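The values are calculated or read from the model by the stated rules, or taken from the named source; none is laboratory data. The model shown is predicted, which means the values in this text are computed figures rather than measured ones. Positions of Cβ are generated from backbone atoms using ideal geometry, with glycine treated the same way; all protein chains shown enter the neighbour counts.
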Amino acid sequence: MLQRVIGRLRSKDRVDIDWRNRVLDTRLHVSFLAREKDVTGRVVRVYDSAEGLSGGQRQKLVIFCLAAALRYQLTEEEDDVPRVGSIVLDEAFDKADIRHTRNAMEVFREFGFHMILATPQKLLQTLEQYVGAITSVSNPDRNASRLANVVFSVEQAEVAATPHVESRA
């Protein structure tokens, strides 16, 4: 049985290629139905997964669904905001355009999340309005990491200026 599956995965036959794409593309395994409502509660749009949406619209919908799902899972019924509100994203916007990146950050902000981003320097200008500080990490000789902190707001400067005591055992 396993040999037959491996054979189909390696096959160049069109039927096997279609099967492989269908089985391995996880986007094809999940569907959802969502209603977008305005502030009055009137349904303004119905989504059947991401059918009929452009690439940018799909990206925005995916980010919105991710933020909404996280908010739902992390917020207690009696609370308005998540009890755990930090999200760590590692190079999530590396290949995204500026508009998509800003839309995504706006969605996470609206849902009340604190974002911790690992991103290449080329995105700093795009992300600047969404962050209070950055820490640049470099390790040019692969021997020791170097840190440089840049604070953008007074509130963040006060936090950064608070002495930090590190204990070593």
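Per-structure values
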{"item": "Yes/no for GLY56 being assigned to a loop (DSSP other than H, G, I, E, B) and closer than 27 Å to LYS95 by Cα", "result": "no"}
{"item": "Residue check, ALA50 under 30 Å from VAL131 (Cβ atoms), of a type in the set (A, V, I, L, M, F, W, C), more than 16 Å from the chain's Cα centre (by Cα) and in the same structural domain as ILE134 (by TED's automatic domain parsing)", "result": "yes"}
{"item": "Inter-residue pairs, beta-carbon under 8 Å, first farther than 12 Å from LEU61 by Cα and in segment 36-50, second in a loop (DSSP other than H, G, I, E, B), 6+ apart", "result": "VAL44/ASP38"}
{"item": "Test for HIS100: is it under 22 Å from ALA133 (Cβ atoms) and not aliphatic (A, V, I, L, M)", "result": "no"}
{"item": "Qualifying position, being assigned by TED's automatic domain parsing to the domain that holds VAL151 and within 29 Å of PHE152 (Cα to Cα), among ARG109, ARG42", "result": "ARG109"}
